[in-house]
Amino acid sequence: MGKEVSFEVEVKQRKVVSVEVNKLPEKETISENEEVDLSGGSISVKYSDNSVENIDLTSPNVKIVDETNSEDRKDVVIDYLGIKDSFKLGLTKLVSGFDIVEEDMEIDYSEYGEFYQAVGMKPNEVITTIVAIFGLSILLFVVMKFTNVMK
């Protein structure tokens with residue numbers, strides 16, 4: 001008859017040893033309220049058997065676990081199967097408002113004065129009206145023009 005052979009097999013499961021962001025996402029600068037898009041980025045994952053694998057940041061196992069805004073950047077912490085790494089994105093701040101420092105400003109009416117006289121408003125009232133009608137984006141243009149006529 002046949003011979004019987006027995007032996008033991010030890011199966012070692014490889015474990016994640018380290019994770020390192022090796023390619024930033026395509027969109028490297030975002031606005032402060034914008035959601036981080038991980039598309040185009042990747043991490044290098046090193047395992048206990050010394051093998052290395054590149055994984056897309058959009059993999060379901062990659063999670064954003066923390067985001068912190070500073071003056072000009074967003075720090076993003078990611079987690080891959082319990083191991084963390086971080087990277088930085090550029091950050092653009094949104095204009096949230098402005099202040100009128102002086103209510104009664106002297107204006108050189110030589111170029112734009114007829115408009116202010118015609119509407120019968122002070123400069124700060126004109127700015128408030130423009131924002132109410134057209135929104136904040138047009139205000140930036142108007143303020144740049146307006147500051148050229150102020151003394």
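Computed from the coordinates by the stated procedures, all read-outs in this text should not be read as laboratory data. What you see is a predicted model, and the numbers here were worked out from it, not measured in a lab. All Cβ positions, glycine included, derive from the backbone under ideal geometry; neighbour counts span all protein chains shown.
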Computed over the stretch 16-92, Kirkwood Rh from alpha-carbon pairs, angstrom: 12.7
Dipole of the stretch 1-88 (Lys/Arg Cβ +1, Asp/Glu Cβ -1, origin at the Cα centre): which of 77, 17, 60 lies farthest to the positive side? 17
Please get the size of the charge dipole for the stretch 17-60, origin at its Cα centre, with Cβ charges of +1 on Lys and Arg and -1 on Asp and Glu, quoted in debye to the nearest 20. 220
Flagged as over-length at 18 Å C-alpha distance, from 63/88; 12/84; 46/74; 23/46; 15/84, the pairs are 12/84; 46/74
If R0 = 22 Å, then residue 67 and residue 93, at their Cβ-Cβ distance, give a FRET efficiency to the nearest 0.05 of 0.90
